[in-house]
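Here the structure is laid out as structure tokens; the discussion comes afterwards.
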Amino acid sequence: MTKLITGGTGYVGSELARLLVEQGEKVVLFDITINLFRIADIANECKILQGDLSNYSQVMNAVNENGVTEIYHLGSMLTNASDLNPWGSFQTNVIGTYNVLEAARIFNVEKMMFTSTFGTFGLLLDEVLTDVSIQRPITFYGCGKLYCEGLGRYYSRKFGLDFRSIRYAQMIGPGVRTQGHWAPAMIEDAITGKVNECIYAYPETAISMIYMRDAARAAHMVLQVPRDNIKMMNYNVAGIPDFVTAAELEAALGNRYENTKVIYKPDASLEEIGNDFRTLKRFDDSYARDEWGWYPEYDSVDRIIEAFEKDIGAYPERYGI
Ligand SMILES: NC(=O)c1ccc[n+]([C@@H]2O[C@H](COP(=O)([O-])OP(=O)(O)OC[C@H]3O[C@@H](n4cnc5c(N)ncnc54)[C@H](O)[C@@H]3O)[C@@H](O)[C@H]2O)c1
């Protein structure tokens, strides 16, 4: 029973690897860039493969030579990298996912999960986004992920592959510096007593957030549920479904750390690729809650801030603080 994590030394992938290793699972990590600092504590307990998702043979070999029974497909280029290099993103995110699905089909992998994104929704967003809201992505990243959500459904229907996928809104955790993500730096600066220069948000910009450990837990949990429970197949998953504005986060930080100071200098170009969410209210994950019992452990702003404080204190190297 070997579990393969693509993007296994990425942010969420490494947290998921830790969770699986703690459960005594046999884990293979596949990544194009091996971020050893993220997995230093478990590196000896995993098999680490350097490989490229867009390389069909490398993906096939990773699955076949390791007797993989479950795949957690997290490897991906994110929003801004995909916008800068849409050609690379097509190879990694679209062809790469097709390669993983083909490997799962050819080598009879028992089940597979895939991480998609809130960015599949895109244009003319409703205030509340549910699993049946219309998805009209406006980014290359969102278009690719939406195609792959559908591709997984197809492999399930056509070839009987046990496929599930989850969509995060914004994954946050210490050390996350994904372009466009403003909350992690704001929290860290408040904790470490620095002034935060917020270039990715207006005070009223809002996000639905999920703490990194909950993101990894959701990736694991969705694959443990009996297949009969899985009806929707592609699920929104939130830590805090209600959108939290930058000003609200700043206020919560101010209640805890009296020297909190945020200077907003939003970069207007970010709005072009859909980073400016000022009208959204809720990222509704009720299908995940109903069908597979999803619940977040970090379900309030205060719990997330506390978790940052603890993780920064305990693992500064792992999170590059
Ligand atoms: N971070 C977020 O806020 C967020 C939101 C929604 C969805 N997601 C999805 O969650 C998953 C995990 O994201 P993350 O935040 O851990 O990102 P991350 O960038 O930390 O991890 C992605 C990993 O994929 C690897 N990768 C990239 N191209 C590859 C290739 N060609 N071959 C093999 N590996 C490759 C990277 O090296 C990296 O380690 C991704 O699928 C992402 O699209 C993330």
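The values are calculated or read from the model by the stated rules, or taken from the named source; none is laboratory data. Because the structure is a prediction, the values reported are computed rather than measured. In this analysis, Cβ positions are derived from the backbone assuming ideal geometry, glycine residues included, and neighbour counts consider all displayed protein chains. Surface areas here come from the heavy atoms of the whole protein model, side chains and all, with no ligands, DNA or RNA. Shrake-Rupley method; radii C 1.70, N 1.55, O 1.52, S 1.80 Å.
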For a test of the definition: using alpha carbon positions, the gyration tensor, and the 1.5 limit on a/c, classify region 109-177 as rounded, prolate or oblate. oblate
If you average 1/r across every pair of different Cα atoms in region 187-321 and take the reciprocal, what Kirkwood value do you get, in Å? 16.5 Å
What nm distance separates the two modelled labels at residue 295 and residue 102, each placed 7 Å from Cα along Cα→Cβ? 4.3 nm
With 17 Å as the cut-off, how large is the P(r) tail for region 46-101, expressed as percent of Cα-Cα pairs? 37 percent
Write down Rg/Rh for the chain, rounded to two decimals, with Rg from the C-alpha atoms and Rh from the Kirkwood relation over Cα pairs. 0.95
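May I ask you to order 93-100, 61-68, 243-250, 9-16 by the average number of other C-beta atoms within 10 Å around their residues, highest value first? Intermediate results must be reported in sequence, preceding the final value.
On the way: 93-100: 23.0, 61-68: 17.5, 243-250: 20.0, 9-16: 25.4.
So the peptides 93-100, 61-68, 243-250, 9-16, ranked by packing, come out 9-16, 93-100, 243-250, 61-68.
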Based on the mean of other beta carbon atoms within 10 Å per residue, what is the order of 304-316, 110-122, most packed first? 110-122, 304-316
For region 1-79, treating each Cα as an identical point scatterer without solvent, what Debye log10 I(q)/I(0) comes out at q = 0.12 1/Å? -0.27
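Taking every DSSP beta bridge with both residues inside region 169-263, roughly what % is antiparallel (nearest 5)? Mind showing how you got there, number by number?
Working: 3 of 8 bridges.
Around 40 percent antiparallel, to the nearest 5.
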Tell me, what % of the accessible area of region 198-321 is carbon and sulfur with a 1.4 angstrom probe? 48 percent
Per residue convex hull volume, Cα atoms of region 1-138, in Å³: 128 Å³
Taking the C-alpha atoms of region 64-191, how large are the radius of gyration and the largest Cα-Cα span, Dmax, in Å? 16.1, 51
Counting only residues 5 or more apart in sequence or on a different chain, those whose built amide H sits under 5 Å from that of residue 114 are 73, 164, 165, 166
Excluding ligands, DNA and RNA, what is the solvent-accessible area per residue of the chain at a probe of 1.4 Å, expressed in Å²? 42 Å²
For region 192-254, list log₁₀ I(q)/I(0) at each q in 0.14, 0.19, 0.24 Å⁻¹, using the Debye formula over Cα point scatterers of equal strength and ignoring solvent, two decimals each. -0.59, -0.84, -1.07
Rough spin-label spacing in nm, given labels placed 7 Å along Cα→Cβ, for residue 36 and residue 178: 2.7 nm
Cross-link pairs 261/281; 3/231; 3/145; 3/265; 158/281 - those with Cα-Cα distance over 32 Å: 3/265; 158/281
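What does the charge count near residue 121 come to, summing +1 for each Lys or Arg and -1 for each Asp or Glu among other residues with Cβ under 9 Å from its Cβ?
+1
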Ignoring ligands, DNA and RNA, please state the percent of accessible area on region 1-125 from carbon and sulfur, probe 1.4 Å. 53 percent
Region 163-220 and region 56-113 have their Cα centres apart by a whole-number Å value of 25 Å
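To the nearest 500 deg cm²/dmol, what mean residue ellipticity at 222 nm is calculated for the chain from DSSP H runs of n ≥ 4 alone, each contributing -39,500 (n - 2.57), summed and divided by the residues? It would help to have the intermediate numbers written out before the result.
Numbers: 11 runs with 117 residues, N = 321.
-11000 deg cm²/dmol, from helical runs alone.
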